[in-house]
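Chemist: Provided herewith is a single structure, encoded as structure tokens, for subsequent inquiry.
The values are calculated or read from the model by the stated rules, or taken from the named source; none is laboratory data. None of these values were measured; they are calculated from a predicted model. Neighbour counts run over all protein chains shown; Cβ positions are idealised from the backbone, glycine included. With ligands, DNA and RNA removed, areas are computed over all heavy atoms of the protein, side chains included. Shrake-Rupley method; radii C 1.70, N 1.55, O 1.52, S 1.80 Å.
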Amino acid sequence: MKKWQCVVCGFIYDEAEGWPEDGIAPGTAWEDVPEDWECPDCGVGKEDFEMIEIS
Amino acid sequence: MAEAVTDQAPVVIIGSGLAGYTLAREIRKRDASQPLMMITADDGASYSKPMLSTGFTKGKTADELVQADAGAMAEQLNMEIRTHTRVTGIDPGAHNVLIGDERLHYRQLVLAWGADVIRLPDAVSGSLAVSSINDLEDYRRFRQRLGGHRRVILLGAGLIGCEYANDLRNGGYDVTVVAPSEQVMPGLLPEVAASAVQAALEAEGVTFHLGVAAEAVREEGEAVQVHLNDGAMLQGDVVVSAVGLRPRTRLAADASLAVNQGILTDRLMATSVPDVYALGDCAEVEGHVLMYVMPLMASARALAATLTGEPTPVQWGAMPVVVKTPCCPVAVVPPELTEDGVWEAEREGNNVRAVYRSGTGALLGFALTGDRVIEKQALAREVPPVLTPSVAR
Ligand SMILES: Cc1cc2nc3c(=O)[nH]c(=O)nc-3n(C[C@H](O)[C@H](O)[C@H](O)COP(=O)(O)OP(=O)(O)OC[C@H]3O[C@@H](n4cnc5c(N)ncnc54)[C@H](O)[C@@H]3O)c2cc1C
Ligand SMILES: [Zn+2]
């Protein structure tokens, strides 16, 4: 399981935890996160920015 | 001194900010072997600059903001990185970068050296009590200086000033904001949205002195006095200046590159001289100086394609600016004001939806605050792009 960080605001998406508030189940790989999902902290879209793999 | 021009000369990137590193990463996705070199005046740590203004809210020290140090980045990107090295000049005719007496040959050069903070007159900015926070090193120093102090006086009520105000308040500091404008974020927000943000910050305990300017800052023992041009005097412990940024253009102008507000480029990010490109906060792309992350990411992707043999003009859609004031979030696409355009606003408490329409009713921009920010995506789709897709050649 990897972690990804939003380069705009630093938000960390942890694949192990998912993002249940937006219906993304724990264990969801980054590539399976819906394309229209937005960073919960700064609102940029998945396609508009890079999540950087941090571990 | 002259060195033979070979294809083995590196693509040289000056600057290790989001622009420099994003470009390097995008180039590596396309070309694993092209020699790459980065030269940076700082320590080369990779970090996300927008996080500087959420440090207290998220409880992050300078070290915790570092995503990777220069060594790790050099390895990951198969790139030489020269840290703590300040470029002092460019010789585009010879394809050389100057570092004091040293000359480095480049195949192509990318200026990604960012923007400088605007200084106030010496009576203010000359004081040692005044900090500006524009990079990770500044942030580290500011955190140290803040120590156990409580009272922060912030000069400037722009986007960054407001973000710092909210963040320092969340950190438990007493925050006073001083700015000559009559509203917060002038130039970015219409008055109705600005007053909502101000009201929300005031409800958090931030004090505003708008319509006045700081004239002088004096250190009085441990404390600091800020003298305003209306005769008032504020007492604080630490002063932060956040009065704006200006693209770094001097070295470019010295090398006869065309500059205006920023270093002028076309949509290929090419400057006025061959094989020299500019990217990020230092660039002015077809008249646009957009010192935000999204435009630089799009530019870096396009430039990486161009530098690896596939000339690609950058396209910028409508890119909403998000202001990280958690007490009253903001999303805004500042419109180009037209003669017959009007703002139409709905406001309920600090929740504002303001849209700017032309005489014919076309949506040209908007400003959303509070819980109305959820309409950002929907509205952004209606706004015309900043740089329209170029006409097919
Ligand atoms: C507090 C704050 C909050 C922000 N929040 C947001 C936000 O929420 N969303 C958003 O989109 N944008 C935000 N921004 C703007 C965004 O951070 C910048 O647009 C972006 O980081 C600029 O990156 P850059 O690489 O162009 O410049 P920089 O990050 O400034 O990098 C410049 C680099 O050039 C190097 N350098 C400079 N001169 C030389 C020289 N002569 N020789 C060698 N190296 C040199 C520096 O050492 C540095 O490594 C924020 C900015 C600030 C300050
Ligand atoms: Zn984000």
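Chemist: For the subset of the range B:301-322 comprising residues that are modelled with pLDDT under 95 and surrounded by 23 or more Cβ atoms within 10 Å (Cβ to Cβ), which member is nearest to the other protein chains (Cβ to nearest Cβ)? Before you say what the answer is, go through the steps one by one.
Modeler: First pass over the range B:301-322, keeping only residues modelled with pLDDT under 95: B:301, B:315-322.
With the extra rule that they be surrounded by 23 or more Cβ atoms within 10 Å (Cβ to Cβ), the set shrinks to B:320, B:322.
Details: B:P320: 8, B:V322: 5 Å.
The qualifying residue nearest to the other protein chains (Cβ to nearest Cβ) is B:V322.
Chemist: Something else about it: For the range B:68-90, name all the residues that are within 16 Å of B:H105 (Cα to Cα) and among the charged types (D, E, K, R). Reasoning before the result, please.
Modeler: Step one: list which residues in the range B:68-90 are within 16 Å of B:H105 (Cα to Cα), which gives B:79-82, B:85-90.
The answer is B:E80, B:R82, B:R86.
Condition check ((1) more than 9 Å from ligand 1 (Cβ to nearest atom); (2) not small (G, A, S)) across all residues:
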residue	(1), (2)
B:M51	no, yes
B:G71	yes, no
B:A74	yes, no
B:G93	yes, no
B:L98	yes, yes
B:G114	no, no
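Chemist: Would you check which residues across the range B:326-338 are within 12 Å of another protein chain (Cβ to nearest Cβ) and either under 17 Å from the mean Cα position of the chain (by Cα) or surrounded by 17 or more Cβ atoms within 10 Å (Cβ to Cβ) (or both) and list them?
Modeler: In the first step, residues of the range B:326-338 are kept if they are within 12 Å of another protein chain (Cβ to nearest Cβ); the result is B:326, B:329-332.
B:P329, B:V330, B:A331, B:V332, listed by residue number.
Chemist: For the range B:339-357, how many residues are surrounded by fewer than 22 Cβ atoms within 10 Å (Cβ to Cβ) and within 26 Å of the chain's Cα centre (by Cα)?
Modeler: Within the range B:339-357, the first condition is being surrounded by fewer than 22 Cβ atoms within 10 Å (Cβ to Cβ), and the residues that meet it are B:339-351, B:353, B:357.
Next, only the ones that are within 26 Å of the chain's Cα centre (by Cα) stay: B:353.
Adding up the residues that qualify gives 1.
Chemist: Just checking, does the range B:314-335 include any residue being within 16 Å of ligand 2 (Cβ to nearest atom), among the hydroxyl-bearing types (S, T, Y) and either under 27 Å from B:P190 (Cβ atoms) or not in a strand (DSSP E or B) (or both)?
Modeler: yes
Chemist: State whether the residues of the range B:227-235 include one that is buried (at least 22 other Cβ atoms within 10 Å of the Cβ) and either closer than 30 Å to B:E375 by Cβ or in contact (Cβ under 8 Å) with a residue 40 or more places away in the chain (or both).
Modeler: Restricting attention to the range B:227-235, the residues satisfying the condition of being buried (at least 22 other Cβ atoms within 10 Å of the Cβ) are none.
No: zero hits.
Chemist: Given the structure, is A:E53 closer than 15 Å to B:S48 by Cβ, surrounded by fewer than 20 Cβ atoms within 10 Å (Cβ to Cβ) and away from ligand 1 (no atom under 16 Å from the Cβ)? Full working, then the answer.
Modeler: Details: closer than 15 Å to B:S48 by Cβ: yes; surrounded by fewer than 20 Cβ atoms within 10 Å (Cβ to Cβ): yes; away from ligand 1 (no atom under 16 Å from the Cβ): yes.
Against the criterion (closer than 15 Å to B:S48 by Cβ, surrounded by fewer than 20 Cβ atoms within 10 Å (Cβ to Cβ) and away from ligand 1 (no atom under 16 Å from the Cβ)), A:E53 qualifies.
Chemist: For the range B:266-274, check the following and say yes or no: at least one residue is in contact with a Pro (Cβ under 8 Å, 6 or more places away or on another chain), among the aliphatic types (A, V, I, L, M) and farther than 29 Å from A:C42 by Cα.
Modeler: Checking the range B:266-274: at least one residue is in contact with a Pro (Cβ under 8 Å, 6 or more places away or on another chain), among the aliphatic types (A, V, I, L, M) and farther than 29 Å from A:C42 by Cα.
Results for (1) over 26 Å from B:E215 (Cα atoms); (2) more than 16 Å from ligand 2 (Cβ to nearest atom); (3) in contact with a strand residue (DSSP E or B) (Cβ under 7 Å, 6 or more places away or on another chain), shown as yes or no for each residue.
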residue	(1), (2), (3)
B:A70	yes, yes, yes
B:G93	yes, yes, no
B:L109	yes, yes, yes
B:D116	no, yes, yes
B:V130	no, yes, yes
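Chemist: Could you list, in sequence order, the residues of the range B:25-49 that are more than 11 Å from ligand 1 (Cβ to nearest atom) and under 19 Å from B:W113 (Cα atoms)?
Modeler: Restricting attention to the range B:25-49, the residues satisfying the condition of being more than 11 Å from ligand 1 (Cβ to nearest atom) are B:25-37.
Residues satisfying the conditions are B:R25, B:E26, B:I27, B:L36, B:M37.
Chemist: Further question: Are there helices (runs of 4 or more DSSP H) fully within the range B:31-126 with at least 2 residues that are open to solvent by less than 60 Å² (accessible area, probe 1.4 Å) and within 14 Å of chain A (Cβ to nearest Cβ)? List them. Walk me through how you get there before you give the answer.
Modeler: Working: elements: B:55-58, B:62-65, B:70-77, B:122-125.
Helices (runs of 4 or more DSSP H) meeting the threshold: B:55-58, B:62-65, B:70-77.
Chemist: Working carefully through the options B:R103, B:R169, B:R140, find the one that is within 15 Å of B:K49 (Cα to Cα) and away from ligand 1 (no atom under 12 Å from the Cβ). Can you show your working first?
Modeler: Working: B:R103 fails: within 15 Å of B:K49 (Cα to Cα); B:R169 fails: within 15 Å of B:K49 (Cα to Cα).
That would be B:R140, the only listed residue that is within 15 Å of B:K49 (Cα to Cα) and away from ligand 1 (no atom under 12 Å from the Cβ).
Chemist: Looking only at the range B:278-288, decide whether some residue is closer than 20 Å to B:L379 by Cβ and in a loop (DSSP other than H, G, I, E, B).
Modeler: There is no residue in the range B:278-288 that is closer than 20 Å to B:L379 by Cβ and in a loop (DSSP other than H, G, I, E, B).
Chemist: Are there any pairs, at least 6 apart or on different chains, whose C-beta atoms fall under 9 Å, with the first in the range B:66-88 and in the same structural domain as B:L104 (by TED's automatic domain parsing) and more than 15 Å from B:E102 (Cβ to Cβ) and the second open to solvent by less than 50 Å² (accessible area, probe 1.4 Å) and aromatic (F, W, Y), and if so, which?
Modeler: B:V66/B:Y47; B:Q67/B:Y47; B:A68/B:Y47; B:M73/B:Y21; B:L77/B:Y21
Chemist: Among residues belonging to the range A:30-55 that are hydrophobic (A, V, I, L, M, F, W, C) and without any contact (Cβ under 8 Å) to a residue 24 or more places away in the chain, point out the one that is nearest to ligand 2 (Cβ to nearest atom).
Modeler: First, pick out the residues of the range A:30-55 that are hydrophobic (A, V, I, L, M, F, W, C): A:30, A:33, A:37, A:39, A:42, A:44, A:49, A:51-52, A:54.
Add one more test, that the residue is without any contact (Cβ under 8 Å) to a residue 24 or more places away in the chain, and what stays is A:33, A:37.
Details: A:V33: 13, A:W37: 11 Å.
Ranking the candidates gives A:W37 first.
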